[in-house]
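The values are calculated or read from the model by the stated rules, or taken from the named source; none is laboratory data. Just so you know, these numbers come straight off a predicted model, no measurement behind them. All Cβ positions, even for glycine, are placed from backbone atoms using ideal geometry, and neighbour counts span all protein chains on display. Ligands, DNA and RNA are stripped out before the accessible areas are found, and what is left, the full protein with its side chains, is counted by its heavy atoms. Shrake-Rupley method; radii C 1.70, N 1.55, O 1.52, S 1.80 Å.
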Amino acid sequence: MHSQTLVMTAEQTKQAIEGDWVSIAAEVRPSIAKNADGSAKPFYLKRKFTYFAGDKFELEIFNFADAYGKVPMVKISLKGNVIWQGEHPIATGAQKVDFIADETYQVTPLIQGFADAMNQVASNGFDKWEVNSPQSILGKTFAPFGLAEGQIFAEYDLIYLFNDMLFWGARHVDGRGFDKEENRPTNLQIPMVKGK
C-alpha cells in the first residue's frame, strides 16, 4: 500500500506558517569571510521569524561569537514583503519565495567589540556605533553586508513546511548569498519550530 502525502498549495502554506517561528538551537552558516587557509569562517546565529497575512514578514537574527549561542554580538532586524514565485523542485510542496526587506533593516551591536568594528568599517553616514543602539541600514551603503546606496536587501529563497517544521534554503558552502535567481538555494536549512 502507498501512503498518501498531503501536498500543500502556496495558499495553504501561507495560512499554516502565520505566526512566530524560532531556531531550535544556535545554527551555523558559512560566511563570505575566509580563514587564513581559505576556508569559509563559520557564522553562528539564531532566528526569530514572523509571517503575517498579506505576505508581510519580520525577521530577527542574533549573531553569536560562539557555536553554542552564549555570546551575542549583533542583532539584525528586517521587515518587509514576501513574494511567492511558485513551486521549488527541492521537495513536493516547497515554494520559491523572495524576501524583500523594504520596510526595516536595522543593526544593533550587542558587544563593544562589534560596535568598535563597525566604527572602523561602517562609520560613513552613520552615528557612532554603540552597544544596544540600533541603526537603520535600509537603503544605505553598508560595506560589511555588501550593500550599496539605494539598494534594498532581497533574498531569493524557499519555504518548505514539513511535520510542523519550517525550512528555508541552506546557504551555499562557498558562502554566496541568495542575491539573485541563479543563487536560489538547492538544499534545506536547519528548520525553525513554532515560537511561543
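With the requirement that a residue be open to solvent by less than 70 Å² (accessible area, probe 1.4 Å) and assigned to a strand (DSSP E or B), what does the range 10-41 give you? Hits for the range 10-41 are Gly19, Asp20, Trp21, Val22, Ser23, Glu27, Arg29, Pro30, Ser31, Ala33, Ala40. Phe178 meets each of the listed conditions (1) hydrophobic (A, V, I, L, M, F, W, C); (2) farther than 30 Å from Val7 by Cβ; (3) open to solvent by less than 50 Å² (accessible area, probe 1.4 Å); (4) under 15 Å from the mean Cα position of the chain (by Cα) apart from (2). Going through (1) at positive phi; (2) open to solvent by less than 70 Å² (accessible area, probe 1.4 Å) one by one, Phe142 falls short only on (1). Would you please name the residue that is farthest from the chain's Cα centre (by Cα), looking only at residues in the range 78-94 that are open to solvent by less than 20 Å² (accessible area, probe 1.4 Å) and farther than 19 Å from Leu188 by Cα? Applying the filter and picking the extreme gives Gly80.
Could you tell me how many of the residues in the range 145-164 are open to solvent by 60 Å² or more (accessible area, probe 1.4 Å), of a type in the set (A, V, I, L, M) and within 24 Å of Ala117 (Cβ to Cβ)? The qualifying residues number 0. When the range 44-77 is filtered for residues that are surrounded by fewer than 17 Cβ atoms within 10 Å (Cβ to Cβ) and hydroxyl-bearing (Ser, Thr, Tyr), only Tyr68 remains. For Lys75, the stated conditions do not hold, so it cannot be described as under 19 Å from Asp164 (Cα atoms), in a strand (DSSP E or B) and under 16 Å from the mean Cα position of the chain (by Cα). Among the residues making up the range 95-135, a single one is of a type outside the set (D, E, K, R), open to solvent by 50 Å² or more (accessible area, probe 1.4 Å) and part of a strand (DSSP E or B): Gln106. Beta carbons closer than 6 Å, at least 6 apart along the sequence or on distinct chains, pair a first residue in the range 108-129 that is within 13 Å of Phe142 (Cβ to Cβ) with a second that is open to solvent by less than 40 Å² (accessible area, probe 1.4 Å) and not in a helix (DSSP H, G or I) for Met118/Trp129; Ala122/Phe142; Phe126/Gln135; Trp129/Pro109. Residues considered: Asp157, Asp174, Asp179. Of these, the only one that is outside any loop (DSSP other than H, G, I, E, B) and not β-branched (Val, Ile, Thr) is Asp157. The sole residue among Ile111, Ile100 that is modelled with pLDDT of 95 or more, within 19 Å of Leu78 (Cα to Cα) and β-branched (Val, Ile, Thr) is Ile100. Of the listed requirements (1) under 19 Å from the mean Cα position of the chain (by Cα); (2) closer than 30 Å to Val7 by Cα; (3) not small (Gly, Ala, Ser), Gln151 misses just one: (2).
If you go through the range 34-67 one residue at a time, how many are within 30 Å of Gln15 (Cα to Cα) and free of Cβ contacts under 8 Å to residues at least 12 places away in the same chain? Selection size over the range 34-67: 1.
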